[in-house]
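The values are calculated or read from the model by the stated rules, or taken from the named source; none is laboratory data. These numbers were taken from a predicted model, which means no experiment stands behind them. Cβ: placed from backbone, ideal geometry, glycine included. Neighbour counts: every protein chain shown.
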Amino acid sequence: MLFNHPEFDNHEHLSFFCDAETGLKAIVAIHNTSRGPALGGCRMFPYANDEEALRDVLRLSRGMTYKSALANLDLGGGKSVIIGDPRQHKTEALLEAMGRHLESLGGRYIGAEDSGTSVPDLKIMGRHTQHVAGITDHIAFNGKPSNGDPSPTTAYGTFVGLQAAVRHKLGRGDLTGLKVAVQGLGNVGFRLAQHLKEAGAELWVTDIHQDNLQRAVDELGATAVAPEEILTLPVDVLAPCAMGAILNDRSIPTIKAAVIAGAANNLLDRPEHDAALKERGILYAPDFAINAGGIIDVFYERSGATPQTVRQHVETIGDTLTEIFRRSDESGTPTGAIANQLAEERFKKHAAASAPAPERATGTH
Ligand code: NAD
């Protein structure tokens, strides 16, 4: 079952790569290239079976088309998965084999870091291909040196988006005294908490790793809470920055925050949870709109833009969200569905604009 797979959604190209010598088993999915080459992370995960890996890569790849279009980037959507446990099966030879496979795709797909792969891993793939990103030392949007890790830019974009959501829902531009709960204090969550602290917000935080939690208490004066408490705190904003599917049948009725604005991917457990949040009067900043800072960073790393250009583009995340919130209010449609519509407008318009003119397409000589 492939072309009629429930997640297939007219993918342009799929490739399955097996390298017996290194044990590499990988799938590369290219969903849509109407705006440009498909850029997306290369995930390494111990999938229970091939079907699980296929489903994941198809969903993630489609998501990248939407994320990049919504961020107005000249990029399409794609993703790759390597089937295996990164702690056991990741070898230099395997990563090199993956690099050779990416090279064979001729640049239609560009790989980047994702869960289970890191900057050094992508650099190893890069020995055999130029079609990897997020690996070049450069000056980031904030004027600081970067090794290619997009997390600081993701955190800043999430902060900008959170501000737009607060302005829309709570009518305030100043975050002083705003109560925010941050779930997950990793690469993105901790930096988001830093931005919020600098802006005067009051923080409640959680993480499953005690050292991450303690650092936020010590450095940011945050109040630590247990992981099971974070979603139900009486705060203004909930910022989920850990894992997906946390907005579900069980959690939604118990959430007290007026705004949900965080970086984690695939926050909605099922599509209908978008409407469930709207019915409860909670303003949800769609994940793939608010967390686009990372893909913006990686895009500009390849074209060598100035830090100011990157910062300005990241700040458009606030405008895009404001547009989504406005359309949602006007139409009564939940914000996630509006974000999908807006993304489709952006990649379909591009496809139409870049299609060959009829006389050139059918012309004879
Ligand atoms: P990370 O692994 O550095 O951080 C995640 C943190 O969440 C870790 O500190 C982990 O201990 C914590 N955590 C895990 N389960 C938890 C739980 N049940 N309760 C509380 N804390 C828990 O990852 P990251 O790079 O910071 O990314 C965070 C999220 O944002 C992910 O969903 C990721 O897909 C998404 N995202 C990240 C980027 C980026 O640039 N890094 C870009 C777009 C989206």
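Residues GLY148, GLY157, GLY126: which one is of a type in the set (Gly, Ala, Ser), within 16 Å of the ligand (Cβ to nearest atom) and either in the same structural domain as ASP114 (by TED's automatic domain parsing) or more than 26 Å from VAL237 (Cβ to Cβ) (or both)?
GLY148
Pairs under 8 Å by beta carbon, first residue free of Cβ contacts under 8 Å to residues at least 60 places away in the same chain and assigned to a loop (DSSP other than H, G, I, E, B) in the range 19-44, partner buried (at least 21 other Cβ atoms within 10 Å of the Cβ) and aliphatic (A, V, I, L, M), six or more apart or different chains?
GLY36/LEU75
When you look at SER80, is it within 16 Å of the ligand (Cβ to nearest atom), in contact (Cβ under 8 Å) with a residue 40 or more places away in the chain and of a type in the set (Ser, Thr, Tyr), yes or no?
Criteria met by SER80.
Does VAL310 satisfy the criteria of being within 21 Å of SER146 (Cα to Cα) and modelled with pLDDT of 95 or more?
Spelling it out, VAL310 is indeed within 21 Å of SER146 (Cα to Cα) and modelled with pLDDT of 95 or more.
From the list LYS123, LYS90, LYS67, which one is among the basic types (Lys, Arg), modelled with pLDDT of 95 or more and within 16 Å of GLY23 (Cβ to Cβ)?
LYS90 is the lone residue from the list that is among the basic types (Lys, Arg), modelled with pLDDT of 95 or more and within 16 Å of GLY23 (Cβ to Cβ).
Would you be able to say whether some residue in the range 176-190 is assigned by TED's automatic domain parsing to the domain that holds TYR284, touching a residue at least 60 places away in the same chain (Cβ under 8 Å) and surrounded by fewer than 21 Cβ atoms within 10 Å (Cβ to Cβ)?
Taking every residue of the range 176-190 in turn, none turns out to be assigned by TED's automatic domain parsing to the domain that holds TYR284, touching a residue at least 60 places away in the same chain (Cβ under 8 Å) and surrounded by fewer than 21 Cβ atoms within 10 Å (Cβ to Cβ).
Quick check on ILE246: is it modelled with pLDDT of 95 or more and closer than 24 Å to LEU73 by Cβ?
no
So the check is Cβ under 7 Å with 6+ separation or different chains; which pairs have a first residue in the range 151-170 that's at positive phi and of a type in the set (A, V, I, L, M) and a second one that's assigned to a helix (DSSP H, G or I) and within 12 Å of the ligand (Cβ to nearest atom)?
From the range 151-170, no pairs qualify.
Restricting attention to the range 178-193, report how many residues are over 15 Å from ALA224 (Cα atoms) and more than 13 Å from the ligand (Cβ to nearest atom).
Residues flagged as over 15 Å from ALA224 (Cα atoms) and more than 13 Å from the ligand (Cβ to nearest atom) within the range 178-193 amount to 1.
Being acidic (Asp, Glu) and either surrounded by 16 or more Cβ atoms within 10 Å (Cβ to Cβ) or within 25 Å of ILE110 (Cα to Cα) (or both) is the filter here; which residues of the range 295-322 pass it?
ASP297, GLU301, GLU315
For the range 191-209, enumerate the residues that are in contact (Cβ under 8 Å) with a residue 24 or more places away in the chain, surrounded by fewer than 23 Cβ atoms within 10 Å (Cβ to Cβ) and in a helix (DSSP H, G or I).
Result: ARG191, GLN194, HIS195, LYS197.
I'd like the residue in the range 213-249 that is among the polar types (S, T, N, Q) and over 22 Å from the mean Cα position of the chain (by Cα) and, out of all such residues, is farthest from THR158 (Cα to Cα).
GLN214
Hey, any hits in the range 213-224 for a residue that's in the same structural domain as ILE290 (by TED's automatic domain parsing), within 13 Å of the ligand (Cβ to nearest atom), in a strand (DSSP E or B) and touching a residue at least 24 places away in the same chain (Cβ under 8 Å)?
no
For the range 251-337, give me every one of the helices (runs of 4 or more DSSP H) that falls completely inside it and has 2 or more residues that are within 22 Å of GLY36 (Cα to Cα) and within 16 Å of the ligand (Cβ to nearest atom).
In the range 251-337, 287-290, 293-303, 307-331 are the helices (runs of 4 or more DSSP H) which contain 2 or more residues that are within 22 Å of GLY36 (Cα to Cα) and within 16 Å of the ligand (Cβ to nearest atom).
Does the range 164-172 contain any residue that is outside any helix (DSSP H, G or I) and surrounded by fewer than 23 Cβ atoms within 10 Å (Cβ to Cβ)?
yes
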